[in-house]
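Trainee: Sharing a structure, written as structure tokens. Questions coming.
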Amino acid sequence: MNKCHPLANLALEQTIDKILNQTQKEIESSIKSALNDTTQTLDDAIPKLGKEYDKIIADGKKEADKIEKQIIGGADIEARNKQLLALEASVDKVFVKALDQITNNDRSGDYANLIKSLLDESTRILGTSEVIVSANSKDRDVVQSTLSGFPGSELSSDTIECIGGVIIKSKDGAMTFDNTLDARIERLKPLIRKDIAAKFGVGN
Amino acid sequence: MTAEGGVQYSKIAEIKGPLVVVDDVESAAFDELVEIETTEGERRLGKVLEVGNGKAIVQVFEGTTGLSISGTKAKFVGKVMEMPVSKEVLGRVFDGLGRPKDGLPDPIADKFVDINGEPMNPEQREYPKDFIQTGVSVIDGLMTLVRGQKLPIFSGSGMSHNLLAAQIARQASVVGKQDDFAVVFAAIGVQYSEAEYFRRSLEESGALKRSVLFLNTADDPAIERIITPRVALTVAEYLAFDLGMHVLVVITDMTNYAEALREISAAREEVPGRKGYPGYLYTDLSTLYERAGKLNGRKGSVTQVPILTMPSDDITHPIPDLTGYITEGQIVVGRDLFRQGVYPPINILSSLSRLMKDGIGEGSTREDHSEVSNQVYDAYSRAQEVRALAGIVGKAGLTEIDLKYMDVGDTFEKEFLTQATDENRTIEETLDLMWKIVSKLPRNEITKIKDKYVEKYYKEE
């Protein structure tokens, strides 16, 4: 076995120390540089993080606003619809009651005047008094007595189903004018509904 | 409205397409409403188109299918068609003739308004100049809509214009003001699924409470389509000029309206104009489009976004052509972008808003809006030229600056143009995105923006 010279050992040790020192320095420098890089990266990330944070918050707020709008909008519509249905039911009740009262009204007194004005209006619109007049069974007598003022007119033998008033037809059958109370109420229904709704405090 | 009714005539001379000719009519007026009663007692509505020589020509809205000469009666109601209006119409869904379609009763009317509207006194018109935010970047940023404007969307069949229409209806708002805003949505001849989509979309987003919907579906009689935009605009005018609201009217699809007009014109044996449409198509369209605007001394406004599908994507077709003469710009939906899956596929190079310049800038949107928008237009236009060049010489043959413009084009389409259907971008977000695109260019390429804005907003990548 060969033995090394002591000087050779010393040189070897020195070389090793040198390498160790150099390596240590390199490692320290790398660590320092890595530390700097990391610090820099962190520093750079902070504003990005801030932006990202703000974006998430803003998106979340937007989403929350959207959901709030959906919930409130939906609830408002639902409540309004229920109110509309309730109002309509009440309006219908008022209508039924009013129609009942009109149907059962006494046919004496002013009613003859009403029939006369309905006949006046109808013959004026048709442009002739050569007409056939139809009425319901309750009104036939009143209508018959009023027709004397309308030469050429005659009362139809058929009766009609209505709460009152007359239907007038030209004798050739080409023109008809519905002047029953039902038809008049139907034509004015939107305005009557508005008035009834106003009594319930809607639409004021 | 009076209690006095109208005369019913039972002599029907002829039934021709959607028209009924009534004989021995002594007094009828042009546009008068007519109730047609079938032999089965079914009632349909119509209006008088012509009167004379003891005859009246009546256009039946619900069509003449099932009508016969004997037994059919026509009652001339003695008034024109009216729409009951009140604040109660908000949140309601109506059919194409203005009848409730949501299972609720008729709205309690504040008043009854002639659906043909009253022409706006030109002298009383106020120039539109206030911004409406749609939440859609490409519209807000590059073809800004202003209150009182009429800005149509030109699309093609099968493209995503209905998604866009619904998105605008859901998101549109007046920024920074407490003024009331409402949307009137008129769907003309749309498929049932589309009508449902519009209704559900507004309902689920909570926007229904400030909207009124008029839905005429494809299976509804074509003639009803003549009425749908008119009832919608009548309600819009009431909300705007009686209640002081800012109203956005979205009408889709005006092509179906013009088709219905052609059908009636053919039945009346009128001399056809281009592609069989009546010669008065321009005049007729103007009676609808000109109902948009603002009036001096009145608080509200009516803004219109009519949507029309161009047959064969042909922008020279009479409908887009004549529409373009009347309206103040156009938004063109592009087939190429649509095929690439871009939503909204708006071709900005064919689109413009003529009133944009007055509705943007400091105090409306932001000081830099006009200039950054010009720069984006310019950059995207260059990008398209470079893309065409790359198609010939290949990407390798392009210069560095050409490649930058190509990148700008891609970013524009992917990040700015592309937007989710439920994404509501504020005008600030839109402008920031525009600066992001502009910032992809070297500073010396920014030639359309003042230095002070470049210094403030430009962030070179």
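The values are calculated or read from the model by the stated rules, or taken from the named source; none is laboratory data. Bear in mind the structure is a predicted one, so any value in this text is a computation, not a measurement. Quick reminder, even Gly has a Cβ in these numbers, built from the backbone with ideal geometry, and neighbours come from all protein chains shown.
Trainee: Hey, among the residues in the stretch B:20-47 that are buried (at least 20 other Cβ atoms within 10 Å of the Cβ) and under 16 Å from B:ARG268 (Cα atoms), which one's nearest to the other protein chains (Cβ to nearest Cβ)?
Mentor: B:VAL22
Trainee: Has the stretch B:168-176 got any residue that is touching a helix residue (DSSP H, G or I) at 6+ places or on another chain (Cβ under 6 Å) and not in a helix (DSSP H, G or I)?
Mentor: Looking for residues that are touching a helix residue (DSSP H, G or I) at 6+ places or on another chain (Cβ under 6 Å) and not in a helix (DSSP H, G or I), one finds none in the stretch B:168-176, hence no.
Trainee: Taking the stretch A:69-96, which residues are at the interface with chain B (Cβ under 7 Å from one of its Cβ atoms), hydrophobic (A, V, I, L, M, F, W, C) and under 14 Å from A:GLY201 (Cα atoms)?
Mentor: A:LEU84
Trainee: Which residue pairs have Cβ atoms closer than 9 Å, lie 6 or more positions apart in sequence or on different chains, and pair a first residue in the stretch A:166-178 that is at the interface with chain B (Cβ under 9 Å from one of its Cβ atoms) and farther than 25 Å from A:SER145 by Cβ with a second residue that is of a type in the set (Asp, Glu) and outside any strand (DSSP E or B)?
Mentor: These pairs meet every condition: A:ASP172/A:GLU130; A:ASP172/B:ASP24; A:ALA174/B:ASP23; A:ALA174/B:ASP24.
Trainee: Going by the conditions given, is A:ILE115 within 11 Å of another protein chain (Cβ to nearest Cβ), assigned to a helix (DSSP H, G or I) and either under 26 Å from A:ILE185 (Cα atoms) or of a type in the set (Val, Ile, Thr) (or both)?
Mentor: Judged against the criteria, A:ILE115 is not a match.
Trainee: A follow-up question, please. Any idea which of (1) over 19 Å from A:LEU118 (Cβ atoms); (2) surrounded by fewer than 17 Cβ atoms within 10 Å (Cβ to Cβ) is the one A:GLU154 doesn't satisfy?
Mentor: Evaluating A:GLU154 over (1) over 19 Å from A:LEU118 (Cβ atoms); (2) surrounded by fewer than 17 Cβ atoms within 10 Å (Cβ to Cβ) leaves (1) as the failure.
Trainee: Can you find, within the stretch B:78-96, the residue that is farthest from the other protein chains (Cβ to nearest Cβ) among those that are over 19 Å from A:ASP195 (Cα atoms) and surrounded by 21 or more Cβ atoms within 10 Å (Cβ to Cβ)?
Mentor: Per the criteria, the residue is B:GLY96.
Trainee: Here's another thing I want to ask about it. In the list B:GLN171, B:GLN167, which residue meets the criterion of being of a type outside the set (Ser, Thr, Tyr), within 14 Å of another protein chain (Cβ to nearest Cβ), surrounded by fewer than 22 Cβ atoms within 10 Å (Cβ to Cβ) and touching a residue at least 60 places away in the same chain (Cβ under 8 Å)? Outline the logic, then answer.
Mentor: Details: B:GLN167 fails: surrounded by fewer than 22 Cβ atoms within 10 Å (Cβ to Cβ).
When all the criteria are applied, what remains is B:GLN171.
Trainee: Do the conditions hold for B:MET406, that is, is it assigned to a helix (DSSP H, G or I) and closer than 15 Å to B:ILE348 by Cα?
Mentor: Against the criterion (assigned to a helix (DSSP H, G or I) and closer than 15 Å to B:ILE348 by Cα), B:MET406 does not qualify.
Trainee: Among the residues of the stretch B:433-442, is any within 15 Å of B:ARG382 (Cβ to Cβ), in contact (Cβ under 8 Å) with a residue 40 or more places away in the chain and surrounded by fewer than 13 Cβ atoms within 10 Å (Cβ to Cβ)?
Mentor: Yes, there is a match, as at least one residue in the stretch B:433-442 is within 15 Å of B:ARG382 (Cβ to Cβ), in contact (Cβ under 8 Å) with a residue 40 or more places away in the chain and surrounded by fewer than 13 Cβ atoms within 10 Å (Cβ to Cβ).
Yes/no matrix, rows are residues, columns are (1) modelled with pLDDT under 90; (2) among the β-branched types (Val, Ile, Thr); (3) touching a Cys at 6+ places or on another chain (Cβ under 7 Å):
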residue: B:LEU213; (1), (2), (3): no, no, no
residue: B:THR217; (1), (2), (3): no, yes, no
residue: B:ALA222; (1), (2), (3): yes, no, no
residue: B:THR228; (1), (2), (3): no, yes, no
residue: B:GLY244; (1), (2), (3): no, no, no
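Trainee: Working only within the stretch A:1-49, note down all residues that are at pLDDT 90 or above and basic (Lys, Arg).
Mentor: A:LYS18, A:LYS25, A:LYS32
Trainee: Have a look at B:GLY71, B:GLY63, B:GLY78, B:GLY46 and point out the one that is assigned to a loop (DSSP other than H, G, I, E, B) and within 20 Å of B:LEU97 (Cα to Cα).
Mentor: So the residue among B:GLY71, B:GLY63, B:GLY78, B:GLY46 that is assigned to a loop (DSSP other than H, G, I, E, B) and within 20 Å of B:LEU97 (Cα to Cα) is B:GLY63.
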